Amino acid sequence: MAAAGAAATELEVARGKRAALFFAAVAIFLGLPLWWKTTETYRAPLPYSQISGLNALQLRLMVPVTVVFTRESVPLDDQEKLPFTVVHEREIPLKYKMKIKCRFQKAYRRAVDHEEEALSLDSVQEAEAMLAETEKQAEGSLTVYVISEHSSLLPQDMMSYIGPERTAVVRGIMHREAFNIIGRRIIQVAQAMSLTEDVLAAALADHLPEDKWSSDKRRPLKSSLGYEITFSLLNPDPKSHDVHWDIEGAVQHYVQPFLNALSAAGNFSVDSQILYYAVLGVNPRFDPASSSYYLAMHSLPHVINPVESRLGSSAASLYPVLNFLLYVPELAHSPLYIQDKDGVPVATNAFHSPRWGGIMVYNVDPKGYNASELPVRVEVDMVRVMEVFLAQLRLLFGIAQPQVPSKCLLSGPRSKGLMTWELDRLLWARSVENLATATTTLTSLAQLLGKISNIVIKDDVASEVYRAVAAVQKAAEELASGHLSSAFIASQEAVTSSERAFFDPSLLHLLYFPDDQKFAIYIPLFLPMAVPILLSLVKIFLETRKSWKKPEKID
């Protein structure tokens, strides 16, 4: 009977051991992996190696230049060598991690009959009009016509001419080194019409250190898919001035043609408003010598903030807003003039603030006060106002006057206010800026995701990252091939996709849920179950070890 009880006890002990081992096995081999898998942070794979390779990306900006030689532009022996191609490449010395090289691919050829006829005319404007009827040039390309050394197409003291389209004229020379001499002149003209250090340095102002390239330059507007332009008339003294301005007609005649020419760089929307009792916020000083008031240059930055609170245009805008303010000073502070740093009145009586807009002070004719009672009717001269605002708009976009070589005649822009090659130069700068912005955004995102393992990486975020990397690579290839339009579109896609991935709201869901908080939540749940299992395993281990050490009986 005792033996049967002992056997039953041993059987029950063995059954308990198997149950403990079974629960331990289920908890370790099934429970822990299942818990780990269901609580892990989902992180879609990203192209980290390709993103790190973008920092070493070398941009080659290829500018196709077609050089057309007339009959008597170079010696006859040199004309027999045509056509051929010459490549001139140089690195732009910017202190930036991305190496940028400018490549001018010059394709030399002879002029055809209609080109010879056009270049034999009396004026370069007539020649341009005749050539424009037959030739359409791609974005980013240039055509340089080499004329005779004694041609009357240009003034005798001028060696070259830059036109409003993608064309230029250079005088030839009868010399045994004609191709080398003319080639240097062509490079100088092509650089003025396309890419210079100053243009690219201004575009990369946010990415360069504060050195001679960026600290002394006016920073242009950042690249964007769209821009909003607001024209505001400020009348702080409506009791004295009844101001009328034909802003709608002025926008249609002066601003809209310029924006249409600039449409390749982004979408534009224009609106206007009139603000009464809006003051500048800075008290003008009185000048007894001229019986007028003035605003010193050091006080101009303090003018913008009080006025900006009244504008209200940038609060609900998705795009950068450009503000152009026409300020009619009150009667007590009239006339009002803006002075430069030397204390001399500014000719335009206006100033502009980079990436914000411009302000023009419009003084009322003093004769108007003597002829009528208050309020005086004021008709704004929109031609004079729009000349100032268009000049400021060009500066805000970084479209400055080119640095032309000596003895070079520069044509003025057509009625649209923008030369075609100026638009190309802007697209070059915007493409490089977009690539730099996309590369910086992708690199920052990769570093952030690498350091913080709690951030969820969803599939749509990963697809945006892959799309941005592919767009950067495509834009670089298109720039190297000289396809400016497609390169600019690809660079815009790269910026849009990279910023959409960087600012995705899903990246912040588990950002503030570190591992210690995770264990603090799950330990109270698993500890009551894990303690009995662990104690059972320890007991089984000790009993098994004891049984191994128990000596066997020898009869």
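The values are calculated or read from the model by the stated rules, or taken from the named source; none is laboratory data. This one's a predicted model, so the numbers in the text were calculated from it and none came from an experiment. Here Cβ is always computed from backbone atoms with ideal geometry, including for glycine, and neighbour counts include all displayed protein chains. The accessibility values were calculated without ligands, DNA or RNA, using every heavy atom of the protein model including side chains. Shrake-Rupley method; radii C 1.70, N 1.55, O 1.52, S 1.80 Å.
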Could you check the spin-label model distance between Arg71 and Gln252? Points 7 Å from the Cα along Cα→Cβ, value in nm. 5.1 nm
Inter-part gap, Cα centre of the stretch 178-201 to Cα centre of the stretch 101-127, in whole angstrom, is 17 Å
Just order 24-31, 344-351 by mean Cβ neighbour count inside 10 Å, highest at the front, would you? 344-351, 24-31
About its Cα centre, the stretch 87-168 carries a charge dipole, from +1 on Lys and Arg Cβ atoms and -1 on Asp and Glu Cβ atoms, whose size in debye to the nearest 20 is 1100 debye
Give me the net charge for the shell around Ser223: Cβ to Cβ below 9 angstrom, other residues only, Lys and Arg +1, Asp and Glu -1. +1
Under the Karplus relation 6.51 cos²θ - 1.76 cosθ + 1.60, θ = phi - 60°, what is the ordered set of whole-Hz ³J(HN,Hα) values for the stretch 401-407, x standing for Gly and Pro? 5, x, 8, 7, x, 5, 6
Label point 7 Å beyond Cα of Ala480 along Cβ direction - residues of the stretch 83-120 with amide nitrogen under 20 Å: 86-94, 96-106
What distance in nm separates the simple spin-label points at Asp113 and Phe541, each placed 7 Å from Cα in the Cβ direction? 10.2 nm
Could you work out the helix-only [θ] at 222 nm for the chain, with each DSSP H run of four or more residues adding -39,500 (n - 2.57) and the total divided by the number of residues, to the nearest 500 deg cm²/dmol? -13500 deg cm²/dmol
How large is the accessible surface per residue of the stretch 295-340, computed with a 1.4 Å probe and reported in Å² as a whole number? 46 Å²
Could you provide, to the nearest whole Å², the per residue accessible area of the stretch 362-433 with probe 1.4 Å? 47 Å²
Per the charge dipole of the chain (beta-carbon charges, Lys/Arg positive, Asp/Glu negative, Cα centre), the residue among Pro505, Leu32, Ala490 reaching farthest to the positive end is Leu32
Which of the following values of Cα extents along the principal axes in Å was calculated from the structure shown: (i) 96, 64, 56; (ii) 133, 80, 38; (iii) 125, 72, 54? (ii)
About its Cα centre, how strong a charge dipole does the stretch 133-241 have in debye, to the nearest 20, once Lys and Arg get +1 and Asp and Glu get -1 at the Cβ? 100 debye
Assuming R0 = 30 Å, what is the FRET efficiency of Asp340 and Gln125, from their Cβ-Cβ distance, to the nearest 0.05? 0.25
Would any residue of the stretch 521-546 have its amide N under 17 Å from a label point 7 Å out along Cα→Cβ of Ala27? List them or say none. 522-542
Projected label distance in nm at Lys99 and Met158, using a 7 Å step from Cα toward the beta-carbon: 4.0 nm
Taking the dipole about the Cα centre of the chain, with the C-beta of Lys and Arg at +1 and of Asp and Glu at -1, give me whichever of Thr9, Cys102, Thr196 is farthest to the positive side. Thr9
Run the dipole for the stretch 301-420 about the Cα centre, Lys and Arg Cβ at +1, Asp and Glu Cβ at -1, nothing else charged, and hand back the magnitude in debye, nearest 20. 540 debye
Charge context of Pro47, other residues only, Cβ under 15 angstrom, K/R +1, D/E -1: +1
Selection from Ser453, Val378, Phe397, by position along the positive dipole direction of the stretch 336-457 (Cβ): Ser453
Taking R0 as 22 Å and r as the Cβ-Cβ distance between Tyr276 and Ser317, the FRET efficiency 1/(1 + (r/R0)^6), rounded to the nearest 0.05, comes to 0.45
Take each of the peptides 117-123, 421-427, average the number of other beta-carbon atoms within 10 Å over its residues, and list them starting from the highest. 421-427, 117-123
With helices defined as uninterrupted DSSP H runs, which ones in the chain have an alpha carbon span along their own long axis of at least 30 Å and mean Kyte-Doolittle hydropathy of at least -1.0? 2-25, 420-451, 459-481, 515-549
The stretch 247-385 - percent of accessible surface contributed by carbon and sulfur, probe 1.4 Å: 53 percent
Net +/- balance of residues flanking Pro284 in space, Cβ distance below 15 Å, scoring K and R +1, D and E -1: -2
